[in-house]
Structures are given as C-alpha cells and as structure tokens.
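Since the structure comes first, as structure tokens, the remarks are kept for the end.
The values are calculated or read from the model by the stated rules, or taken from the named source; none is laboratory data. Note that this is a predicted model, so its numbers are computed, not measured. Cβ atoms come from the backbone with ideal geometry, glycine included; neighbour counts cover every protein chain shown.
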Amino acid sequence: MGKSTNDYEQLTIEETLRELAVERATGLSAAEAEQRLQQYGANEIPEKEESLAHRIFRRFWGPIPWMIEAAAFLSALVNKWEDFTIIMILLVTNVFIDFWQESKALSALKVLKEKLAKRALVLRDGRFQAIDAAGLVPGDIIKVKIGDLIPADLKLIDGDFILADQSALTGESLPVTKKAGAVAYSNSIVKQGEMLGMVVNTALNTFFGKTVALVARAESEEKSHFQKAVIHIGNYLILITVFLAAVILITAMFRQENMLEILRFTLVLTVAAIPVAMPAILSVTMAVGAMNLAKKHAIVSRLVAIEELAGVDVLCSDKTGTLTQNRMTVAEPVVHAGHTVEELMLFAALCSKKENNDPIEIPIFEYLQQHGGEERLQQYRQRQFVPFDPVSKRTEATVEGAEGPFTLAKGAPQVILELCGEQFEAREVLRQVEDFAGNGFRTIGVAVKRQTDRVYDFVGLIPLFDPPRDDSKATIDEAIKLGLDVKMVTGDNLAIARQIAGVLGIGSEIYNARELSGASTRELVLMGQVIARTVYRKLTPEISDEDAQRFAQGVVKALEKEFETLTLPKGYVKSHESEIIEVIENASGFAQVFPEDKYLIVDKLQKADHIVGMTGDGVNDAPALKKADAGIAVSGATDAARAAADLVLLAPGLSVIVDAIKGARITFERMKSYSVYRIAETIRVILFMTASILIFNFYPVTAIMIIILAFLNDIPILAIAFDNTKADEKPIRWNMTEVLTVATVLGILGVISSFGIFYIAEEYIRLSPAVVQSFVFLKLAVAGHLTIFVTRTEGRFWQKPYPAPVLFWAAVATKVVATLFAVYGWFIAPIGWKYAALVWVYAFAWFLVNDFIKIWVYKYLRKEKLIS
C-alpha cells in the first residue's frame, strides 16, 4: 500500500520526486503512465451502481406491483387460471418495458457525464498536454491555475502560491494559501494563483476519496416546479381512484356479492387507473430531451432543469465568447517615447505563458509569429511568473536576458500606469485608452523595470478587439421573438459594453454594475442616480447621454458621502426594493460586472417573479449559477462553474442557449400533453366504472380487460417522449387550472361516450352481458388512444406539428391489437368485425367532438384570463 497524502506532506519536494520516480523537467513518459494506470486504476471515484438483480427485483416490490400480484393471487384462489396467466405475463412484460426504458435513460446520462469529464494539463514526455483527469497517475506533474478543480492530491513543486478553497473538505471557511512543498487536496478549488504540482494519490486514495469511502452521502435534488406539479397530479389521481374503489367495495358488500371476485376486480381497476407509468414517462421524456440538447452541444447536468429552462423569460448573457467570437486580435499598438512596437509585443509575450492558452495572450503570440518575432523570444528565459490576479488586475514576470534580469508588468492600463510613479504624465495615455474603449477595444498596458530603475517605465498600449459573432444579432432577434428579455452582463467597461450592445441591437440602457452592488445604502444611491439622470434630462433635453451620466455619477458621489453617516429607518430599503427591481428589469445590460453583481441581478429578478437564466464561466460565477433557475456554464468554463451549472455548453455562442430553450419547451409540451391525457383517462375509466356499478349494477369490463387496457395504454404513452411538438413562442409557465380543466372536460366527455356505447350495445342491439363488456372494452381502447391525438396539441388534431411516426404507429398498432382481441375473442367474448367497425366509427365521431370542445375550452379559459 502506498503512502498517504499526509505522509507526502512530511517529505521534501526532492524526496517526493525520488519516491515516485519522476523527472521534474520531463514528467512521466507515456509508457510509464500507462503502466501506472494499470497499477493504480483510473483517477475517479467509483459510483455505487445498482445491481442488475436489484433493478429487476424492485419492479416487483412496492404498492403498485403488490396490487397486481394480489390480483393474480386472488385469480388463482378462485380458479381463474386464464386470468392469472395473462396477469402474470402482462406484469412481467410491463416490468421489462419499464426496465428497458430506464436502461435507455441511464445510458443517456452516462454518455452525458462522459462529455462533462474533467480535464488536466499534464507534463508527459517533456511537453504539456490536456488529458482526461481520469487518466492521471501518481507521479504525474500537472499545472493548476485559477478556476481549476484540483483533480487529485498534489505535492506542489513549483510556482509562487495558490489560494485553495478546501472548505467542502476540511470545513475551513476561508481559502488557504499553499506554497511549494505543501499538499493540495483533490476537489478543492484554485481561487488565485498558478503552480505546478505532482500527483501523489488518486481516486479513493485521495483525502476526498477516503472521505467518500467512509461517509456514503446521498444528495437529494430539489424538485423542479413542473416535477412537483406532476407528482401533485399523481397523488390527486391516486386519492380519487382509492376513494371510488372504496365506494365499489362498499356497494358490493351491501349487495352481498362475491367479495373475493370484487376485491380482485377492484385491485385491478385501481392499478389501471393509478398513473403507474408516470415515473418512467417522466425519466424517459427528460432523457430524450437531454439527448436532443446534447446533439446541439448543450449538456444537461440535472434532468429536471429542462423544465426550468423552458420557463426562462430573462436571459442574462455573458458578452465574451457568447455574444462575441472570443478571438482577440491585436489592432494598431501604441508605444511610448523611446520604445518600439517590436519591443512592446516582445515584452508582452515575455510576461505571458503560451501553454496557458489565455485568450488575452494568444493574440500576442500570434502577432509575434506573423511578424517574425518568435526567434527573439527564444533569447530570454522567464525566471519567475505571477499569473493574472483579478484583484491586482495585472500579470508580472521576472525575465533573464543578455542585458541582465528585468521585471515586466502587463494588465489594465490604469493599474500599469500607477506602477510608473507620479512623475509619469498619464493623461495622454488615459485619453488613448478612452478612445480605444469608445471603439470597442480592450487595452493592455505594458511596463518594464530594469535593475537600475526605481519605478516601472511605461512601454505602450496593445489594443485588442473581440468582434461580435456572425450569428449573434440574428440569434438575439430570435430570442426576443421567443419572449426572452436578453440582458448583456460583462466585466468590460461601460464604453465597450455600449458599443457591442449597439451593434447587436440589445438596447441602449447599459448600466455600470457598481451601481447595483454593496449594502442597502448603495441601492438608495442607485435610485439617486436614476432620479438625477431623469431630472437633468428634463431640465436640459438636448444634453448628451455621456453628460447626463457624468452628472448622475457626481450625484452618486455626493450621496455616498452622505450615506456614510446615515442611519436608515427599519424597513426603509425594503420598501424601495421595487424601484431597484424596476431598474434591473428595464436595463439592457450591465458593464464592469463582478460575480456578486450577477448574484444580485438574479436575486432581484427572481423576487419580481421572473425565471432567470444566467451564464457564467469563472469559479466566482458559481454562486450566481446555483442561484439562477437555469445556470448555464458557457463553452470553456472552469470546472467549478460547470459543477454549479444546470446546463453546460460545449460550443460557443448564444445560439446554443436559444436552441436549448427551444428544445426544453418541446420537452415541456410533451410532459404537458401526457399530464392532460393521463388525468382525462383516469377520470374516464374510474368514474365510468363506478357510476356503471352504482347505477346499473353492471360491471362494464372484466378484470382481465382492465389489465389488457392498462398494458396497451403503456406503449403509446411511452412514445409521447418522442413526439413532434411545437416550441412555444413564449416562456412556459405551469398552468394547473388550465390543465386540470381541459383534462376534466375530456374525461367527463369520455364517461358520457362510454355510457352511449353501453346503451347502444345493451338496449338497442340487445347483446348478452359478456358481449356488451367486449363492446365497452374495444370502445375504451380505441377512444383512449385517439385521446392522445386530442391532448398532444392545443390546436386542431390535423394541424402541424403532425404526430411523430413512432407515436402514430404505436397508437394504431395497439388499437389494432385491441380490435383483434375483441373480434376473435382472445380472453374475452367475441363481437365480430361488423360490431368492431361500429365501435370504431362511434369512437372516431366522439374524437371529432372532443377535439372541437377542447379548442373551445382553451379559448374560453384564455379569454377569461385576459378579462381578469
């Protein structure tokens, strides 16, 4: 057994290298890594998978299976061996169908999880390469940087420091600073810094893995709005069914009927009426929806998030990489006196690391390659590197060259200018930065400090431009047509944000996010700014946007000074929250956004009853992604952001999100059509049975007929998951009143039509009781499956979208099978082809009536809603 992670913490870096037999400069070879992978196994925590036997067994265990098994037992007890045989065959068949569908859903989820596999930047054969984190082995040397989820227990061997958030593992509330020689635990998050680390333990041998092995923790996901509604429907139907079944039993007792036979019949009826297939339909429909989204490069990490995505009405979208190409290109660099463009670009590259593939640094290396500057780059060696820090907003490097060592700084121009001392005249540089920003450029400042210098020498500015994606404007137009309010959220400054928003047609109301952040007094400051801007505009209508904004910002500074010593009355801020929400609702976007601003925006919009989608990519975006109804990790997001998100995008651009929302709405429609159908069918069957027994003292179908009906219904119901449905033009909200009303009306119409066929068969044709039951059986089968085509759409049944072939032929096939049962008398009395044709004509006539009344009910309910 190898050493524990704590043992490695006691060793020096050199001792650890010797212990794991690895060269610091080259890392492991591919062959050695493969050998160790065989020895130690994959770097992943094995999930406790349910055994095949248990998955099969649990389908025979529980309230619903017990009822079916009890019905079979009672059939055997009264010597109804044909019934016993068919009940058992159908029970096993139903179990097989459910098992098969679950297997498909599990396979789909497995594929999705594989697409979300964590990656690691590992040193193999002397070069860094990205591999799946599952392929890491003890001895591997990997690079970890800000935003990474550490994939294994590491001995840190090179670099200044990292700030690691290991609160989920150790309970420490604050991130911990780790330097060379320290150990970093698997599944902790790098909050700051960049270092090389050597893998010392993987999988279950890590600190995290041992915790998992000791404590089996099951996390229960909060159910979505739609899932809660479906479960509520299920419970409602169960209560109705059990109540009416009790009425049948009590009535039979008073009539002194054969209680064993009646109990058997009631059990079977209860099984048929209760929505047994609901969990299977829910999981299969969600899995099919998730697989369809995966084809569009959107991976769902929580299946139930699909319903939330369907209801999103406000989409807060990142700019970089989502609305823009995230391919920075260097415009015309500007150099300070005494320096050249070649020198500026060389210094910028020396203050970067090519293997990090930083989007800001890639165009610098591309520029050098295009202008033949790569050879000069080889003449220098980077001795020390401090990666970009979002707090200091700069990158630093100490470089060794022929002229000796010197220090470089690269980052936000304002920050770089501060390093150059007070004697440096920064006004002209800042004016150039403003000009660049007004044209949508992001600017990097570069400075150098040689051994003899006291302060940094400003070298120049590198303007970078990230143009909008070709499809962004069309996609935003489409999103607006879908009822989405698209708000741009970006960390860029206000000028860049407004320029991009103008190009894309998002809107002109772009605010500085600093106006939203802070304590309650800051919310009042924001209101002060809004009021000031409005008043100033009214007093001077010809004033420009920029002047109005500057005036408002002056008011803000004055208000902030006042509020420093102001004590607000209790509840004062809360009473003004609606005004802050109104500002956020009316905004087209926000610039200079920090992660806490994203959280605030989501929180306020949710309080205004919006369903919010929020995009993010950084580790600090995780809280906002968790808070949002639909958290979306964009392409290239950090592991921490992907872990917090409901949806992970594998391709850049807003069009992926819009496609995902369309797909989610289609899935939601399938679930809605299933719910309406299921409620209508339950009312139709159980109410008709109960009324027939109470009023006419006649059992319209036998127990075996009910079992056959239940089995035949399951097949087309499962096919609903693959049906063609429309993508709603507006965000979908669950309207329980509408669903219950439409379903109840269709259910009552089904009861009326069932009594109609019962009257025709008994009073008009005067058939024997057994043949009457076959009549009713065929009518329930044919009319029930026709109801699917009524409930699947809110329009006429012949209008687009047409039924998917799998649904259409499944429904037709089951109706044909039911007809063959009735015509040839398989387990029931035969009725012949003539009477079967009569039932078909009768059922189709009522199908047309049902479709007409469905349209009228929808129009009436929506008219009432508009009036109210």
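Restricting attention to segment 406-457, the residues being hydrophobic (A, V, I, L, M, F, W, C), farther than 30 Å from GLN325 by Cβ and within 47 Å of the chain's Cα centre (by Cα) number 4. Within segment 246-271, work out how many residues are at pLDDT 80 or above and not basic (Lys, Arg). Within segment 246-271, residues that are at pLDDT 80 or above and not basic (Lys, Arg) number 10.
So that you can scan it fast, the table gives a plain yes or no per residue for (1) crowded, with 24+ Cβ neighbours inside 10 Å; (2) over 27 Å from ALA294 (Cβ atoms); (3) of a type outside the set (D, E, K, R):
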{"position": "PHE594", "(1), (2), (3)": "no, yes, yes"}
{"position": "SER635", "(1), (2), (3)": "no, no, yes"}
{"position": "ALA645", "(1), (2), (3)": "yes, no, yes"}
{"position": "ALA660", "(1), (2), (3)": "yes, no, yes"}
{"position": "ILE666", "(1), (2), (3)": "no, no, yes"}
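Scanning segment 692-712 for residues that are assigned to a helix (DSSP H, G or I) and over 14 Å from TYR759 (Cα atoms) yields a total of 12. The criterion of at least 3 residues that are touching a strand residue (DSSP E or B) at 6+ places or on another chain (Cβ under 7 Å) and at pLDDT below 85 is met, among helices (runs of 4 or more DSSP H) falling completely within segment 568-663, by 639-644. In a residue-by-residue description of segment 721-732, the property of being surrounded by 21 or more Cβ atoms within 10 Å (Cβ to Cβ), within 26 Å of LEU269 (Cα to Cα) and at pLDDT below 85 applies to at least one position. How about segment 650-674: which of its residues are over 15 Å from the mean Cα position of the chain (by Cα) and either outside the structural domain of HIS785 (by TED's automatic domain parsing) or without any contact (Cβ under 8 Å) to a residue 40 or more places away in the chain (or both)? Answer for segment 650-674, where residues must be over 15 Å from the mean Cα position of the chain (by Cα) and either outside the structural domain of HIS785 (by TED's automatic domain parsing) or without any contact (Cβ under 8 Å) to a residue 40 or more places away in the chain (or both): PRO652, GLY653, SER655.
Only residues that are of a type in the set (Asp, Glu), surrounded by fewer than 23 Cβ atoms within 10 Å (Cβ to Cβ) and at negative phi were counted in segment 116-147, giving 1.
Examine segment 757-765 for a residue that is in a loop (DSSP other than H, G, I, E, B), in the same structural domain as MET689 (by TED's automatic domain parsing) and of a type in the set (D, E, K, R), and state whether such a residue exists. Within segment 757-765 (the criterion being in a loop (DSSP other than H, G, I, E, B), in the same structural domain as MET689 (by TED's automatic domain parsing) and of a type in the set (D, E, K, R)), the answer is no, since none of the residues qualifies. Yes or no: segment 662-674 includes at least one residue that is at positive phi and not hydrophobic (A, V, I, L, M, F, W, C). Within segment 662-674, none of the residues are at positive phi and not hydrophobic (A, V, I, L, M, F, W, C). For segment 729-747, the criterion of being in the same structural domain as ILE666 (by TED's automatic domain parsing), free of Cβ contacts under 8 Å to residues at least 60 places away in the same chain, of a type outside the set (Phe, Trp, Tyr) and at negative phi is met by at least one residue.
Is it the case, given these coordinates, that ALA703 is in contact with an Asp or Glu (Cβ under 9 Å, 6 or more places away or on another chain) and touching a residue at least 40 places away in the same chain (Cβ under 8 Å)? When the stated conditions are applied, ALA703 passes them. Mind counting the residues in segment 425-452 that are of a type in the set (A, V, I, L, M, F, W, C) and exposed (fewer than 14 other Cβ atoms within 10 Å of the Cβ)? The qualifying residues number 1. The residues of segment 453-476 that are among the small types (Gly, Ala, Ser) and either touching a strand residue (DSSP E or B) at 6+ places or on another chain (Cβ under 9 Å) or surrounded by 21 or more Cβ atoms within 10 Å (Cβ to Cβ) (or both), listed by number, are GLY460, SER472.
Tell me the residue from THR814, THR787 that is in contact with a His (Cβ under 7 Å, 6 or more places away or on another chain), under 30 Å from ASP728 (Cβ atoms), part of a helix (DSSP H, G or I) and not basic (Lys, Arg), please. After applying the criteria, what remains is THR814.
Here SER768, SER774, SER753 are screened, and the one residue that is surrounded by 24 or more Cβ atoms within 10 Å (Cβ to Cβ) and either small (Gly, Ala, Ser) or touching a residue at least 12 places away in the same chain (Cβ under 8 Å) (or both) is SER774.
Within segment 338-379, the set of residues being modelled with pLDDT of 90 or more, hydrophobic (A, V, I, L, M, F, W, C) and closer than 29 Å to VAL122 by Cβ comprises ALA348, ALA349, LEU350, CYS351, ILE364, PHE365, LEU368. Scanning segment 194-207 for residues that are surrounded by fewer than 22 Cβ atoms within 10 Å (Cβ to Cβ) and out of contact with any helix residue (DSSP H, G or I) (no Cβ under 8 Å at 6 or more places or on another chain) turns up just one, LEU196. Inspection of segment 812-824 identifies no residue that is free of Cβ contacts under 8 Å to residues at least 12 places away in the same chain and closer than 16 Å to ALA721 by Cα. Of the residues LEU848, LEU820, LEU786, LEU838, the single one that is touching a helix residue (DSSP H, G or I) at 6+ places or on another chain (Cβ under 6 Å) and either assigned by TED's automatic domain parsing to the domain that holds ILE683 or among the polar types (S, T, N, Q) (or both) is LEU786. The set of residues in segment 18-33 being exposed (fewer than 14 other Cβ atoms within 10 Å of the Cβ) and β-branched (Val, Ile, Thr) consists of THR26 alone.
The lone criterion from (1) at pLDDT below 90; (2) outside any loop (DSSP other than H, G, I, E, B) left unmet by GLU49 is number (2).
Checked against the criteria, LEU417 counts as modelled with pLDDT of 85 or more, under 15 Å from LEU461 (Cα atoms), among the hydrophobic types (A, V, I, L, M, F, W, C) and not in a strand (DSSP E or B). Does ARG376 count as of a type in the set (Lys, Arg), outside any strand (DSSP E or B), under 28 Å from MET195 (Cα atoms) and touching a residue at least 12 places away in the same chain (Cβ under 8 Å)? When the stated conditions are applied, ARG376 passes them.
Filtering segment 456-473 to residues that are modelled with pLDDT of 90 or more and among the aliphatic types (A, V, I, L, M) leaves VAL459, LEU461, ILE462. Scanning segment 63-101 for residues that are modelled with pLDDT under 70 and under 32 Å from the mean Cα position of the chain (by Cα), we see that the one that is nearest to ALA703 (Cα to Cα) is ASN94. Tell me, which residue of segment 309-347 that is among the charged types (D, E, K, R) and buried (at least 24 other Cβ atoms within 10 Å of the Cβ) is nearest to PHE668 (Cα to Cα)? Applying the filter and picking the extreme gives ASP318. Scanning segment 323-352 for residues that are touching a residue at least 40 places away in the same chain (Cβ under 8 Å) and not in a loop (DSSP other than H, G, I, E, B) returns THR324, THR329, VAL330, VAL334, VAL335, VAL341, GLU343, LEU344, MET345, PHE347, ALA348, LEU350.
What number of residues within segment 127-149 are modelled with pLDDT of 90 or more and assigned to a loop (DSSP other than H, G, I, E, B)? Number of matching residues: 5.
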